[in-house]
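*Asks:* This is the structure I have questions about; it appears just below.
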Amino acid sequence: MPSTPRTYDETINYLYNLRKHGIKLGLSNIRAMLAILGQPQRRFKSIHIAGTNGKGSTASIVASILMENGLCVGLYTSPHLASFTERIKVNNKKISEAEVIELTTHINGLIKDRDLNPTFFEFVTAMAFYYFAMKRVDWAVVETGMGGRFDATNVIYPEVSIITNVGFDHVEFLGRSISEIAFEKAGIIKQGVPVVTASSNPDAIRRISEVAEGKGSAIHLYNRDFRSELLSMNAEGIRFDYHGYRDYRDLFLPLTGRHQLYNASLALRACEIINNRIEGTAIQRGIRNVQVEGRFEIISSNPLMIIDGAHNPEAVDTLCRTIREVFPDRRCIVIIGILKDKDAKGILRSISRIAETIILTCPRGDRATPPEELNGYLKGSNMKGIITYSVEEALTTARRHWSDDSLILVTGSFYTTGEVKELLGQEAILSDLRE
């Protein structure tokens with residue numbers, strides 16, 4: 001990249017071009033980069049979150065609770081929907097485009113003569129940790145990108161680790177059994193650092209427990225050491241009671257779906273572990289003020305349109321249950337675009353159970369599964385997809401099928417949901433990569 005980039009797009013292009021280095025399993029690159037940057041990850045406390053689904057919601061809830069307790073909190077999540085700047089936040093404020101330019105130039109200048117060749121995720125992780133150190137955050141809430149053991153984020157030594165759940169995703173890298181995948185997720189557990197999990201799979205719990213025991217780490221299991229009760233649920237969110245070290249009654253979370261009960265419970269337990277004197281009012285405010293995009297997010301009321309970045313069969317099953325519980329009387333028109341490395345057959349099998357109409361599409365970039373191929377996976381489901389060749393065309397088609405008794409659901413990948421947000425007027429940037 002130029003030594004002094006002139007535009008934000010120029011900088012983002014440089015970062016996206018790091019895709020050519022692919023995905024690297026190992027921590028040598030990120031450790032070398034952070035050493036060059038002065039070990040910024042050692043200058044704040046952290047909470048580390050792995051899991052197949054629910055990481056982003058859990059991370060956002062933890063960060064919101066800590067902020068309501070008067071702490072300066074960094075939040076590092078992926079992928080983004082419309083803007084790269086969504087990935088790195090301090091006290092819920094996104095890193096600015098000018099800061100992205102400045103930090104990319106600075107870091108590139110320090111490493112360009114080294115034999116490192118970082119991947120996109122390695123570079124951005126180093127940027128996030130350096131930014132958090134610059135901003136003097138008290139805490140950083142850090143979500144893994146993929147897996148855990150060899151994830152670039154796994155250079156922090158957190159105060160508590162969270163493993164949301166374990167399901168099948170990224171099997172080509174993480175393993176083809178729940179036990180193998182759980183072992184990779186459990187790689188974030190550090191010596192003597194407590195771990196919290198809501199996983200319900202016996203094989204996953206067994207493997208996570210084995211790793212925790214080997215590290216001398218206490219394990220906190222949902223429904224054994226802490227639990228929650230769902231009081232009510234609607235399109236706006238859920239109300240629930242939490243029972244842990246303390247009881248918290250009638251909490252409201254502006255994220256809907258039964259699965260959010262587990263995410264909120266994990267966040268609460270983690271906060272109890274790091275500080276069991278958190279004020280009850282701060283807990284209530286923190287949960288009530290959570291902001292998470294792209295997770296059962298209603299982005300339009302006329303037509304009623306929901307986006308959700310579910311991109312594996314387990315997440316889609318959860319999404320379908322939520323649709324049926326929250327909008328039981330609505331016909332469901334689905335816009336779906338899926339990446340090539342995902343279980344498209346399993347995803348379509350799940351979504352076809354609630355869809356009256358399925359509009360198959362192809363988000364931008366070279367990672368999308370062609371819609372004709374997706375249509376082939378629908379054979380045997382008694383459904384025929386409507387093939388479109390852009391998200392914009394899919395959106396136009398869905399609007400033609402919409403009526404007052406229906407809803408439009410956009411899902412399958414964050415690429416697809418992000419493009420819809422852009423088309424509806426959200427901040428539009430280059431969006432060829434969300435990882």
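*Asks:* Would it be correct to say that G346 is crowded, with 21+ Cβ neighbours inside 10 Å and among the small types (G, A, S)?
*Replies:* When the stated conditions are applied, G346 does not pass them.
*Asks:* Considering only residues that are under 16 Å from L339 (Cβ atoms) and part of a loop (DSSP other than H, G, I, E, B), which ones fall in region 362-388?
*Replies:* The answer is C362, P363, R364, G365, D366, R367, T369, P370.
*Asks:* Considering region 148-173 alone, what residues qualify as being within 19 Å of the chain's Cα centre (by Cα), at pLDDT below 95 and surrounded by fewer than 24 Cβ atoms within 10 Å (Cβ to Cβ)?
*Replies:* If the condition is that a residue be within 19 Å of the chain's Cα centre (by Cα), at pLDDT below 95 and surrounded by fewer than 24 Cβ atoms within 10 Å (Cβ to Cβ), then R149, F150, G167, F168, D169, H170, V171, F173 are the ones that fit.
*Asks:* Oh, and also: Among what's in region 68-89 and is surrounded by fewer than 22 Cβ atoms within 10 Å (Cβ to Cβ) and either in a helix (DSSP H, G or I) or not assigned by TED's automatic domain parsing to the domain that holds V124 (or both), pick the residue that is farthest from the chain's Cα centre (by Cα).
*Replies:* E68
*Asks:* Looking at this structure, is L407 modelled with pLDDT of 95 or more and touching a strand residue (DSSP E or B) at 6+ places or on another chain (Cβ under 8 Å)?
*Replies:* The answer is yes for L407.
*Asks:* Please determine whether any residue of region 315-324 is assigned by TED's automatic domain parsing to the domain that holds G70, among the β-branched types (V, I, T), in contact with a helix residue (DSSP H, G or I) (Cβ under 7 Å, 6 or more places away or on another chain) and modelled with pLDDT under 95.
*Replies:* Within region 315-324, none of the residues are assigned by TED's automatic domain parsing to the domain that holds G70, among the β-branched types (V, I, T), in contact with a helix residue (DSSP H, G or I) (Cβ under 7 Å, 6 or more places away or on another chain) and modelled with pLDDT under 95.
*Asks:* Let me ask something additional. Quick check on L261: is it in contact with a Ser or Thr (Cβ under 7 Å, 6 or more places away or on another chain), assigned by TED's automatic domain parsing to the domain that holds I47, at pLDDT 95 or above and not in a strand (DSSP E or B)?
*Replies:* Numbers: in contact with a Ser or Thr (Cβ under 7 Å, 6 or more places away or on another chain): yes; assigned by TED's automatic domain parsing to the domain that holds I47: yes; at pLDDT 95 or above: yes; not in a strand (DSSP E or B): yes.
Considered against the rule, which asks whether it is in contact with a Ser or Thr (Cβ under 7 Å, 6 or more places away or on another chain), assigned by TED's automatic domain parsing to the domain that holds I47, at pLDDT 95 or above and not in a strand (DSSP E or B), L261 comes out as yes.
*Asks:* Among the residues of region 141-153, write down those that are farther than 19 Å from S209 by Cα and touching a His at 6+ places or on another chain (Cβ under 9 Å).
*Replies:* Within region 141-153, V141, V142, E143, T144, M146, T153 qualify.
*Asks:* Looking at I287, I299, which is the one that is surrounded by fewer than 20 Cβ atoms within 10 Å (Cβ to Cβ), touching a residue at least 40 places away in the same chain (Cβ under 8 Å) and within 19 Å of the chain's Cα centre (by Cα)?
*Replies:* The match here is I299.
*Asks:* Residue by residue through region 247-284, note down the ones that are surrounded by 14 or more Cβ atoms within 10 Å (Cβ to Cβ) and acidic (D, E).
*Replies:* E272
The values are calculated or read from the model by the stated rules, or taken from the named source; none is laboratory data. What you see is a predicted model; the values in this text were computed from it and never measured. Every residue, glycine as well, gets a Cβ built from its backbone with ideal geometry; the counts of neighbours run over all protein chains shown.
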